[in-house]
Amino acid sequence: MRRSSLPTPQRFSLTRMLGLPSIRGHVPLVVALGVDAIGTGLAGPLVLLYLTTVVGLPVATAGLVVTGSGVLSLAVPAVAAAVAGRFTPRTIVIFALVLQAIGMAGLLLAVLPAGRALPILVACCLLTAVGGRAFWSSIFALVADAADAAGAEAKESWFALSGMTQGVGFAVGALIAGALLIIPGSLPYVIALAANSVSMIAAAVLLARDPGHERRPADAGPDDHETGRVHRDGPYLLLIGANTLFAFCSTILGVGLPLYVVQGLDAPAWLIGPLLAMNTVIGATCQGLAVRATSRFRRIRVLVVAGLIWAAWGVVTAVLGLAPLWLVIPGLICSVLIYSIAELIHAPVSMGLASDAAPQGSRSGYLSWFQYSFALATIAAPGAFAVAFAAGPELPWLITSIIGLLGCAAIIAAGRGLAPRLRR
């Protein structure tokens, strides 16, 4: 009997509908991302409070310790890129998690006498900062390796999945931290630091059990020797510069919105939490949908659209200072929604572009250097916002609009140089 030629109906798939990849074979990786994010969301916001409230350091000293550790850790992506030829991304990420776990556990030694505690605290903050920078320098190469097994078209959806998993984890951790602070005394901080240390060890163990998709330097193609060094790869350096501008736009909401709401708009302070929570929820639930909606378009065009949206967002936010009071709250909600749309389409697409634009055999090292775009933006945004805000509450947002437009021009120029390497 002749078989029917009718097409077989496709199974309903929630992950496909949400624009997310299948995690079959990489469940430990996804669970590890979530476990680590919960611990980081739990303890990260409390470290400075711990140093000042429990340890008793002056605010200026505690801030110097934390900020100084972050600045010193800026050398880490370059080191991670240098050792990428000897170690796989998974090995570097596991090492980074262990370093952070030791640093967080070491902060609990603040019970020692003051003369001994401060050097230990400085060393532990530095360990935590170095481990954190090493983690972010290599985790996206690890995610890209997992995406390779699913095909090139799954790259953005894998980056979206990792972002959503981490976003949900950070939110859950922050909620637990808020609940812990109901308990009086130093116990909430001790619990948070200990739980974060345990979560990082658990994530490291899970990653060690993930089969991965290890790509060794020997896998390099014939073209990799021409562009295997980032400092000689002009188009990729331009990509890093363009993404630094976009990352600045992405960072400025969390940095500047609280100050702008309270001092620039004279709006009630209680608005800050719901507005930032709305952005977090959108990012944690909709990245896959954004990937699905933009998958038919060239990545460069998608990033240009993100830059244009950020430019419009800056203008909308700036003019809220001229709006009547009854329009301020709806205007702020609209502002955060516009920002969130730009962030949704930028985050996974920029990582997919950075991954595919890198020579295959040097991808881990290239993605380590790419993390400088986020690191530099994170360092520059607070100071730039404060200086501009002092001159006028609307000025930081207008500057952000200009930076978004400059990012559009830079990504177009980078796209022309990278075109021969890109699939789309």
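When Val98, Val66 are checked against the criterion of being farther than 14 Å from Leu121 by Cα and in a helix (DSSP H, G or I), Val98 stands alone in meeting it. If only residues of region 262-276 that are free of Cβ contacts under 8 Å to residues at least 12 places away in the same chain and open to solvent by less than 70 Å² (accessible area, probe 1.4 Å) are counted, the one that is farthest from Thr244 (Cα to Cα) is Pro268.
Considering Leu237, Leu245, Leu257, which residue is part of a helix (DSSP H, G or I), within 19 Å of Ala141 (Cα to Cα) and modelled with pLDDT of 85 or more? Walk me through it before giving the result.
Numbers: Leu245 fails: within 19 Å of Ala141 (Cα to Cα); Leu257 fails: within 19 Å of Ala141 (Cα to Cα).
It is Leu237.
Every residue in region 171-211 that is part of a loop (DSSP other than H, G, I, E, B) and open to solvent by 20 Å² or more (accessible area, probe 1.4 Å), please. Correct list: Leu181, Ile182, Ile183, Pro184, Gly185, Ser186, Pro211. Residues in region 349-392 that are within 25 Å of Val316 (Cα to Cα), surrounded by 20 or more Cβ atoms within 10 Å (Cβ to Cβ) and not hydrophobic (A, V, I, L, M, F, W, C): 1 in all.
Test Leu46 against the stated conditions and say whether it is within 15 Å of Gly103 (Cβ to Cβ), in a helix (DSSP H, G or I) and modelled with pLDDT of 85 or more.
For Leu46, the condition - within 15 Å of Gly103 (Cβ to Cβ), in a helix (DSSP H, G or I) and modelled with pLDDT of 85 or more - is not met.
Total residues in region 53-74 satisfying the condition of being hydrophobic (A, V, I, L, M, F, W, C) and loosely packed, with under 14 Cβ neighbours inside 10 Å: the figure is 4.
Considering the conditions (1) in contact with a Leu (Cβ under 9 Å, 6 or more places away or on another chain); (2) open to solvent by less than 20 Å² (accessible area, probe 1.4 Å); (3) not aliphatic (A, V, I, L, M), Cys249 is excluded by exactly one of them, (1). Of the candidates Ala82, Ala37, the single residue that is assigned to a helix (DSSP H, G or I) and within 18 Å of the chain's Cα centre (by Cα) is Ala37. Restricting region 19-34 to residues that are in a helix (DSSP H, G or I) and more than 20 Å from Leu175 (Cα to Cα), the residue that is least open to solvent (accessible area, probe 1.4 Å) is Leu29. Cβ-Cβ contacts under 7 Å between residues 6 or more apart (or on different chains), taken from a first residue in region 177-196 that is under 19 Å from Gln100 (Cα atoms) to a second residue that is modelled with pLDDT of 85 or more and open to solvent by 30 Å² or more (accessible area, probe 1.4 Å), are listed as Val190/Leu108; Leu193/Leu108; Ala194/Leu108; Asn196/Thr40.
Considering only residues in region 281-334 that are among the hydroxyl-bearing types (Ser, Thr, Tyr) and open to solvent by less than 30 Å² (accessible area, probe 1.4 Å), the one that is nearest to Phe248 (Cα to Cα) turns out to be Thr317.
The values are calculated or read from the model by the stated rules, or taken from the named source; none is laboratory data. All values derive from a computational prediction rather than experimental measurement. Cβ atoms come from the backbone with ideal geometry, glycine included; neighbour counts cover every protein chain shown. Calculation scope for accessible area: heavy atoms of the full protein, side chains included, ligands and nucleic acids excluded. Shrake-Rupley method; radii C 1.70, N 1.55, O 1.52, S 1.80 Å.
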